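Below you'll find the structure, written out as structure tokens, and then a few comments.
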Amino acid sequence: MKAVVLVGGEGTRLRPLTFTTPKPLLPVANQVFLERQLSWLAAHGVDEVALSLGYLPDAFRARFPEGRFVDGANREVRLVYAVEPVPLGTAGAVRFAAEHLGVGERIVVCNGDVLTGLDLGALVSFHDGRQAEATIHLARVDDPSAFGVVPTFADGEVKAFVEKPPRGAAPTDWINAGTYVLEPSILERIPAGLCVSIERETFPRLLEQRGRLFAMPSDAYWIDIGTPDQYLQVHADLLAGRLGPCPVPGAHEAAPGIWIQGDATPEGLGAPVLVGPDCRIEGDARVSGSVLGAAVRVAPGAVVAQSVLHDDVTVAAGARVRDSIIGTGAVIGADAEVVDRSIVGANAVVELGGCLVRARRPATAAPATSP
Ligand code: GTP
């Protein structure tokens with residue numbers, strides 16, 4: 001089976017991290033997100049993937065060379081790049097990428113920022129059983145007001161698309177979860193070379209024209225990692241074992257809920273936590289509810305809680321990092337404070353004694369530099 005993975009977005013909601021690293025290449029619990037997604041596709045029988053992109057293409061080529069991808073379980077996928085000259089939107093990009101795959105057959109499409117335990121085989125069987133032209137995976141969320149809501153009839157046929165309904169006014173809690181099975185007839189409906197949205201244009205138009213559009217609800221784990229809150233949430237979920245017992249392949253559980261890659265000892269660590277290779281937690285420093293990438297240094301007196309630190313971060317003595325995301329190589333100066341879902345960009349420096357909080361709260365001082 002062939003798949004198109006949409007990875008061309010700029011990921012503006014995760015800036016400044018995405019100024020330097022495209023969202024699908026950010027680590028999630030110390031594994032590049034796209035690697036998780038390719039592995040999930042391979043586990044469900046996908047053997048050929050077109051990466052549909054335009055933003056920072058060289059970063060993808062460097063990390064996933066065109067040709068073939070082999071995952072940790074030795075499953076192999078052929079990788080093809082479809083680099084758009086201009087952003088074509090989610091439908092235009094699918095058509096463009098499908099042309100690179102040379103398909104005249106059904107394809108699976110997924111957004112490159114979705115982590116899910118969906119049984120893709122079940123979605124394809126559902127699609128077959130209804131002789132659908134397109135089938136959408138639906139996930140249930142507590143607050144659908146930020147999503148495309150998709151009410152269906154009892155057999156799964158789509159009734160309507162309701163984009164971002166006001167809070168409390170959604171007809172259902174089931175939302176478009178960003179994974180689709182599409183027949184070639186859908187690709188023919190997408191105009192070539194134009195910027196077209198699959199959610200806002202292609203699917204609603206198919207509905208108007210009485211095409212066979214279905215949607216399958218699934219209670220499998222699902223999250224879109226594209227906002228700071230959700231990026232932190234996916235880490236909390238992986239640490240809580242919501243996608244499987246181990247947050248990342250190869251980590252070992254040194255004590256209950258304390259996962260370690262490499263040979264760090266559990267001193268200074270409070271469960272749940274994942275610590276990458278070559279980290280140093282010094283003196284009375286404390287790290288809990290967090291994920292540390294490789295070679296992170298947390299100096300004496302520093303506290304890291306409910307946060308995600310990428311590789312090579314330094315948290316200097318007495319600094320506090322809470323509910324925040326710290327990009328690769330960043331330095332949090334001595335006695336500085338980074339809290340409240342702040343994001344520090346790669347190689348940025350929060351100076352000694354600095355305080356970084358999100359703008360909606362009054363900042364006492366913001367002597368942070370960020371790219
Ligand atoms: P934000 O800027 O934060 O909204 O993130 P985003 O740019 O990723 O946009 P969004 O989350 O709406 O996109 C959903 C998926 O479609 C992501 O996997 C994007 O990478 C992808 N995507 C969005 N627009 C395009 C496009 O024009 N071309 C391609 N190839 N992919 C796209």
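We did not get these values from a lab; they are worked out from the coordinates using the rules stated. Because the structure is predicted, anything quoted here is derived from the model rather than measured. Positions of Cβ are backbone-derived with ideal geometry, glycine not excepted, and every protein chain shown enters the neighbour counts.
Observations on the model:
- Computed extension length for A62-A240: 60.9 nm, one decimal, from 0.36 nm per residue of separation with the Cα-Cα distance subtracted.
- Relative contact order %, the range 218-346, counting alpha carbon pairs below 8 Å whose residues are six or more apart: 15
- Angle between the chain longest axis and helix 89-101 axis [Cα atoms, degrees, rounded to 10]: 80
- Note on M216, M1: ascending count of other Cβ atoms within 10 Å places them as M1, M216, the fewest first.
- 0 to 90° range, to nearest 10: angle between helix 120-129 axis and the chain longest Cα axis: 20
- Computed from backbone phi, the HN-Hα couplings of the range 176-183 come to 5, 9, x, 10, 9, 10, 10, 7 Hz, rounded to whole numbers (Karplus: 6.51 cos²θ - 1.76 cosθ + 1.60, θ = phi - 60°; Gly and Pro given as x).
- Take every pair of alpha-carbon atoms less than 8 Å apart whose residues are at least six positions apart; their mean separation over the length of the chain yields a relative contact order of 13 percent.
- Overall form of the range 189-282 per C-alpha gyration tensor (a/c, 1.5; a/b vs b/c): prolate
- Label zone at D173 (point 7 Å along Cα-to-Cβ), backbone N below 16 Å, the range 220-244: 220-223
- Using a cutoff of 8 angstrom between alpha carbon atoms and counting only pairs six or more residues apart, the relative contact order for the range 35-182 works out to 22 percent.
- The spacing between the range 131-210 and the range 211-227, judged by their C-alpha centroids, is 10 Å.
- Tensor-based shape of the range 2-226 (alpha-carbon gyration tensor, a/c under 1.5 rounded, otherwise prolate or oblate): rounded
- Taking other C-beta atoms within 10 Å as the exposure proxy, L194, L26 rank L194, L26 from fewest upward.
- Taking trypsin sites (Lys or Arg not before Pro) in DSSP loop states with no more than 12 other Cβ atoms inside 10 Å as exposed sites, the chain has its longest site-free stretch at 1-166.
- Fewest-first ordering of H127, H44, H252 by other beta carbons within 10 Å of each residue's beta carbon gives H252, H44, H127.
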